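Participant: The structure is given below, and queries will be raised subsequently.
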Amino acid sequence: DARVTQTPRHKVTEMGQEVTMRCQPILGHNTVFWYRQTMMQGLELLAYFRNRAPLDDSGMPKDRFSAEMPDATLATLKIQPSEPRDSAVYFCASGLQRTGGRNGYTFGSGTRLTVV
Amino acid sequence: AQTVTQSQPEMSVQEAETVTLSCTYDTSESDYYLFWYKQPPSRQMILVIRQEAYKQQNATENRFSVNFQKAAKSFSLKISDSQLGDAAMYFCAYGRNRDDKIIFGKGTRLHILP
């Protein structure tokens, strides 16, 4: 089965440190999403890309978060500097443009980030 | 702006019984689709069922079915013959077709009582 791969699965870091989370979308998928899951807010859309170009990053705090797709097989989400309130599970999902309604989107297993 | 509301933070159902999870959404778009995702304790997000807004017929997948009321902007999930493995967090999601933006409700935690 094709899958979305996220690394690392868990990350514990100290406040102020840079954190980088990586996502390998399913080969051939051209739409990539980043979500943040917390108990209070549920699943929040941070940013998403189509054909490596950002379509919407309005959900992302711009002062400390950045998202990129250096190539079609890698999406990254960086937090610099990290803060305790960034502690959450970060999910990546991928799909094929305009077929999401028929096929759905595939999620990775998430990165659980803890900032102490 | 589009919103998705799940008004039941938690629900419980007896094993083998039927349960319905509620979801409402708000949109001015005409071309969109709706999903239910399941998140078990493993935290993996699993697509349960999907519905395209232009289709009047309600989607079904084995024991899972939806009641899609487009005019009321309602999209509920019915689970028949509940099983212990159905215990999870369930998320309703809305996606708009013109740019694939997907937003989620806050989820309903479903407990299955043996």
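Rundown of residues vs (1) more than 9 Å from chain B (Cβ to nearest Cβ); (2) in a strand (DSSP E or B); (3) touching a helix residue (DSSP H, G or I) at 6+ places or on another chain (Cβ under 8 Å), yes/no style:
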residue	(1), (2), (3)
A:Q6	yes, yes, no
A:K11	yes, yes, no
A:G16	yes, no, no
A:M21	yes, yes, no
A:H29	yes, no, no
A:Q37	no, yes, no
A:L43	no, yes, no
A:L46	yes, yes, no
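Participant: Out of the residues in the stretch B:47-71 that are within 22 Å of B:L84 (Cα to Cα) and touching a residue at least 24 places away in the same chain (Cβ under 8 Å), which is surrounded by the most Cβ atoms within 10 Å (Cβ to Cβ)?
Facilitator: Filtering the stretch B:47-71 for residues within 22 Å of B:L84 (Cα to Cα) gives B:47-49, B:60-66.
Still in the running and touching a residue at least 24 places away in the same chain (Cβ under 8 Å): B:48-49, B:64, B:66.
Working: B:V48: 20, B:I49: 21, B:F64: 16, B:V66: 25.
For the stretch B:47-71, the residue satisfying everything is B:V66.
Participant: I need the full set of residues from the stretch B:42-94 which are assigned to a strand (DSSP E or B) and of a type in the set (F, W, Y), in order please. Step through it out loud before you land on a result.
Facilitator: Restricting attention to the stretch B:42-94, the residues satisfying the condition of being assigned to a strand (DSSP E or B) are B:46-52, B:60-61, B:64-69, B:74-79, B:88-94.
Within the stretch B:42-94, B:F64, B:F68, B:F75, B:Y90, B:F91, B:Y94 qualify.
Participant: So which residues in the stretch B:75-101 are of a type in the set (F, W, Y) and facing another protein chain (nearest Cβ under 9 Å), if there are any at all?
Facilitator: Step one: list which residues in the stretch B:75-101 are of a type in the set (F, W, Y), which gives B:75, B:90-91, B:94.
Hit for the stretch B:75-101 is B:F91, nothing else.
Participant: I'm trying to understand the selection: among the residues of the stretch A:64-95, which are in contact with a strand residue (DSSP E or B) (Cβ under 7 Å, 6 or more places away or on another chain), in a loop (DSSP other than H, G, I, E, B) and either of a type in the set (A, V, I, L, M) or touching a residue at least 24 places away in the same chain (Cβ under 8 Å) (or both)?
Facilitator: Within the stretch A:64-95, A:T73, A:S82, A:E83, A:S87 meet the criteria.
Participant: Only one of A:F49, A:F33 is surrounded by 20 or more Cβ atoms within 10 Å (Cβ to Cβ) and without any contact (Cβ under 8 Å) to a residue 40 or more places away in the chain. Can you tell me which? Before you say what the answer is, go through the steps one by one.
Facilitator: Details: A:F33 fails: without any contact (Cβ under 8 Å) to a residue 40 or more places away in the chain.
When all the criteria are applied, what remains is A:F49.
Participant: Restricting to the stretch B:8-27, count the residues that are hydroxyl-bearing (S, T, Y) and on the phi > 0 side of the Ramachandran plot. Before you say what the answer is, go through the steps one by one.
Facilitator: Within the stretch B:8-27, the first condition is being hydroxyl-bearing (S, T, Y), and the residues that meet it are B:12, B:18, B:20, B:22, B:24-25, B:27.
Then keep just the ones that are on the phi > 0 side of the Ramachandran plot; that gives none.
Total satisfying the criteria: 0.
A short reminder: the numbers here are calculations on the coordinates, not readings from a lab. Here the structure is a predicted model, which means the values were calculated and not measured. Using ideal geometry, Cβ is built from the backbone for each residue, glycine included, and neighbour counts are taken over all protein chains shown.
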